[in-house]
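To start, the structure itself, in structure tokens.
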Amino acid sequence: MTARIGVVTFPGTLDDQDALRAARLAGAEPVSLWHRDKDLKQVDAVVLAGGFSYGDYLRAGAISRFSPVMETIIEQAKAGMPVLGICNGFQILTEAHLLPGAMLRNNHLHFICRDQKLRVENAETAWTSDYSEGQEIEVPLKNMDGRYVADERTLDELEAEGRVAFRYLDMNPNGSLRDIAGITNAAGNVVGLMPHPEHAVEPLIGTGKTDGLGFFTSILKKLVNA
């Protein structure tokens, strides 16, 4: 049976087609999901793609969090369904309280677009098992509201529990506390990160590398072996 990976499109989503393509390249069956539809079409995992859903009005991800599809995703994520939030998707996951903390405006107050080096800190989640702890990868980064923040107690808990999934290397592009680029929930099925692995799955595009493909091969192996 082929694993089905759903990718949600909100008004203002930009990278849904890229995420669908990445899922297909990894060997999964990509499934388009619409934000107004609660039906997840029997997918095995969900990707919340990047973009500027609802124009980032109020806060990035604040309106999308109340879309009908999110009601089902929140319920299923709490029951163990793997969910990956990329950039705006990460923002939505924090707004939905599936991940702790919040995303604020970059500390330099400018949109940033660059190839970004990351260090894998947790290779045991549903979305990172094809990497190794300490591995360095490079994927595109593009955001305006990418500064991850949380109170000191939450940050300490994330560190102590091994829930920091990725850190920025060489430079911190947005002022994220403790150089955090991505985190996971305690169960390891929900992961959010600001950089865009779906743009680094083919040598022809993005960074010219395939460092981001591991997210999608990881979840495929997780689902096939479940």
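Ranked by the mean number of other Cβ atoms within 10 Å of their residues, highest first, the peptides 26-37, 60-71 come out as 60-71, 26-37. Residues considered: Thr125, Thr210, Thr184. Largest GNM mean-square fluctuation over the chain, using C-alpha springs under 10 Å, is found at Thr210. Each of Gln76, Ala26, Thr13 was placed along the dipole of the chain (beta-carbon charges, centred on the mean Cα), and the one lying farthest toward the positive end is Thr13.
How big is the dipole moment of the chain about its Cα centre under a simple scheme where the beta carbon of each Lys and Arg is +1, that of each Asp and Glu is -1, and everything else is neutral? Debye, nearest 20, please. Don't jump to the answer; show the numbers that get you there.
On the way: 22 positive and 30 negative charges, 78 e Å.
Roughly 380 debye for the chain.
Distance from the C-alpha centroid of the stretch 147-226 to that of the stretch 80-131: 5 Å, rounded to the whole angstrom. Checking [x] 119; [y] 105; [z] 153 against the coordinates, the calculated volume of the Cα convex hull per residue in Å³ falls under label [y]. Listed by chain and number, the lysines placed with their C-alpha closer than 19 angstrom to that of Lys78 are Lys38, Lys41, Lys222; residues fewer than eight positions away on the same chain are left out.
With both bridge residues required to lie in the chain, what share of the DSSP beta bridges run antiparallel, to the nearest 5%?
About 55 percent, rounded to the nearest 5.
Annotation note: GluC sites (Glu not before Pro) in the stretch 143-226 located in DSSP loop regions with a Cβ neighbour count of at most 14 within 10 Å are Glu161.
Any read-out appearing in this document is the output of simple, stated calculations on the displayed coordinates, not a laboratory observation. The shown structure was predicted, so the numbers you read here are calculated from the model rather than taken from an experiment. When we count neighbours, we look across all protein chains shown, and the Cβ atoms used for this are built from the backbone with ideal geometry, even at glycine.
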